[in-house]
Amino acid sequence: MLNTIKNSWKDVTIDEYFDLCERLSDDTLTDYEKIIIKIAFITGKSEDEIWNLSWYDFRNLQVESLWMEEFQLKENVKFKSIEINGEKYSIDTNLQNFTVAQYIDFQTFFPKRKTNERVIGNILACFIIPKGKKYAEGYDIQELVENINSNLDIMTANEIMFFFLKQYLISIRATANYFNWILKRMKKKSKNSQEIETVEKEWEKMKKATLDGLRSLTMLDN
């Protein structure tokens, strides 16, 4: 019987995961053809080799592949640092520490995830920074993206994303609460309607941002 070389999503890189998803999304494939692809994937063997297995070995390997049917994140895990392909990186999810370029890059790439999930490497590179470096200084961001996609496992990648988005949402809520407090205070003390109107507009932006943050978490969790 063949041995498996991948036994959980921790053994699957980001690139490998999306390559596999693309193959399995082919509507012309039968259920058995998809199972063959999965078994070939976890054993590192060709699909022809899997087709030529005994029925007994095939069924055993099919059982071995059942972990692929679930994708459960550890939602309470926290990240401060990580090692990827032998290199050490800091993970800073505090928006107050973000540079303008860092925040804009995140806002640019994150919405694209709805139509192109492969940008997850670009998103992660917004807050996974080489130890001792500042964002985009002294290293090539695109090389980092490629390193993340080629070497970081898909489970850890999504756990880091979930961890960041929780911090992101907390920050949005804190800012929104601050504007709400300012608005209430101004309505009690200020007679300047234009100033109140300006703050109300900013408050509406904060409420929208909060809702967008909630949708982001829901999308990731699904």
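Does the stretch 70-82 include one or more residues that are crowded, with 20+ Cβ neighbours inside 10 Å and either of a type in the set (D, E, K, R) or farther than 20 Å from Leu20 by Cβ (or both)? No, that holds for no residue.
Got at least one residue in the stretch 27-37 being touching a residue at least 24 places away in the same chain (Cβ under 8 Å) and either within 29 Å of the chain's Cα centre (by Cα) or in a loop (DSSP other than H, G, I, E, B) (or both)? Scanning the stretch 27-37 turns up at least one residue that is touching a residue at least 24 places away in the same chain (Cβ under 8 Å) and either within 29 Å of the chain's Cα centre (by Cα) or in a loop (DSSP other than H, G, I, E, B) (or both).
This table checks each residue for (1) aromatic (Phe, Trp, Tyr); (2) under 15 Å from the mean Cα position of the chain (by Cα); (3) under 22 Å from Glu16 (Cβ atoms); (4) assigned to a loop (DSSP other than H, G, I, E, B).
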{"residue": "Arg113", "(1), (2), (3), (4)": "no, yes, yes, no"}
{"residue": "Gly138", "(1), (2), (3), (4)": "no, no, no, yes"}
{"residue": "Ile148", "(1), (2), (3), (4)": "no, yes, yes, no"}
{"residue": "Thr156", "(1), (2), (3), (4)": "no, yes, yes, no"}
{"residue": "Lys166", "(1), (2), (3), (4)": "no, yes, no, no"}
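I'd like to know if the stretch 118-133 contains one or more residues that are within 29 Å of Leu20 (Cβ to Cβ), exposed (fewer than 13 other Cβ atoms within 10 Å of the Cβ) and not acidic (Asp, Glu). No, there is no match, as no residue in the stretch 118-133 is within 29 Å of Leu20 (Cβ to Cβ), exposed (fewer than 13 other Cβ atoms within 10 Å of the Cβ) and not acidic (Asp, Glu). Check the stretch 87-99 and report whether any residue there is without any contact (Cβ under 8 Å) to a residue 60 or more places away in the chain, assigned to a helix (DSSP H, G or I), polar (S, T, N, Q) and surrounded by 14 or more Cβ atoms within 10 Å (Cβ to Cβ). No, the stretch 87-99 has no match at all. Can Trp9 be described as surrounded by 15 or more Cβ atoms within 10 Å (Cβ to Cβ) and modelled with pLDDT of 95 or more? Yes, satisfied.
The values are calculated or read from the model by the stated rules, or taken from the named source; none is laboratory data. Values in this document were obtained by computation on a predicted structure and should not be read as measured data. Note: ideal-geometry Cβ built from the backbone for every residue, glycine included; neighbour counts use all protein chains shown.
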